[in-house]
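Accompanying notes for the structure given below.
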Amino acid sequence: MPELQRLRADHAPAILDFELANRAYFAASISDRGDEYYDQFSERHKALLAEQEAGIAAFHVLVAEDGSVLGRFNLIFAGDGIAELGYRVAENAAGRGMATAAVKELCQRAAQQYGLRTLRAATSRENVASQKVLTKAGFSPAGPADPAHIGGKQGSWYQRNLAAG
Ligand SMILES: CC(C)(COP(=O)(O)OP(=O)(O)OC[C@H]1O[C@@H](n2cnc3c(N)ncnc32)[C@H](O)[C@@H]1OP(=O)(O)O)[C@@H](O)C(=O)NCCC(=O)NCCS
């Protein structure tokens with residue numbers, strides 16, 4: 001069974017493999033990270049760990065039994081019990097309910113471990129798979145998102161009140 005693990009330093013090589021293998025797949029639905037991201041991956045990974053340590057965010061990877069990374073699920077704390085959720089799942093693991101299961105698990109952790117009350121995620125109108133994930137995980141549409149937030153596209157915020165279970 002894949003396991004949702006909090007980001008650690010030793011996840012770096014498997015995450016880089018995941019990002020490189022799926023770069024074109026992700027770029028079809030969300031903004032490409034740009035060459036700089038891959039060139040400076042090691043520094044970027046350390047910066048994420050520092051943010052996590054500082055309590056600004058909580059990052060998670062979905063790890064397969066062989067240690068490969070199947071997905072990433074991140075919470076950026078926005079204050080006032082609210083966090084913004086972001087995620088991506090490998091092309092070769094898509095369509096098997098991985099994202100939905102991990103988002104549901106993260107909702108539980110968000111309430112129990114991080115003391116959050118509300119999760120929000122912005123998704124573009126064309127990203128039907130992401131909208132399905134959010135709906136299946138108990139999120140509801142919550143108004144238009146600023147295109148600057150989703151790669152210049154039109155889209156919506158989705159929100160889930162964690163207290164509602
Ligand atoms: C969105 C994403 C995380 C979904 O991951 P996943 O593990 O395949 O998701 P799940 O299997 O849990 O659910 C996907 C649902 O979308 C459906 N779906 C997938 N592609 C679709 C498409 N092009 N049109 C309509 N529905 C689609 C699946 O059938 C499934 O719905 P179902 O359970 O009713 O059959 C993954 O595609 C991804 O990483 N995409 C690129 C990054 C991204 O878009 N991140 C989200 C940013 S908001």
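A few remarks follow.
- For ILE150, the solvent-accessible surface computed with a 1.4 Å probe is close to 20 Å², ligands and nucleic acids excluded.
- Within the accessible surface of the chain, defined with a 1.4 Å probe on protein heavy atoms only, the carbon and sulfur portion equals 50 percent.
- Distant-in-sequence amide H partners of GLY71 (H built 1.01 Å from N, under 5 Å): LEU62, ALA90
- Protein heavy-atom accessible surface, 1.4 Å probe, per residue over the chain: 53 Å².
- Three-way shape label, segment 100-165, alpha-carbon gyration tensor, a/c 1.5: prolate
- When the chain is treated as a GNM with alpha-carbon contacts under 10 Å, the residue of ARG88, ARG125, ARG72 showing the greatest mean-square fluctuation is ARG125.
- Cα centroid separation - segment 1-68 against segment 132-165, whole Å: 22 Å
- Gyration tensor (alpha-carbon) shape descriptor, segment 67-131, a/c threshold 1.5: oblate
- Shape category assigned to the chain from the gyration tensor of Cα positions, a/c cut at 1.5: rounded
- DSSP finds beta bridges in the chain, and of those with both partners inside it, around 90 percent are antiparallel.
The values are calculated or read from the model by the stated rules, or taken from the named source; none is laboratory data. Since this is a predicted model, take the numbers as computed values, not measurements. When the accessible area is computed, the model is the full protein with side chains, heavy atoms only, and any ligands, DNA or RNA have been set aside. Shrake-Rupley method; radii C 1.70, N 1.55, O 1.52, S 1.80 Å.
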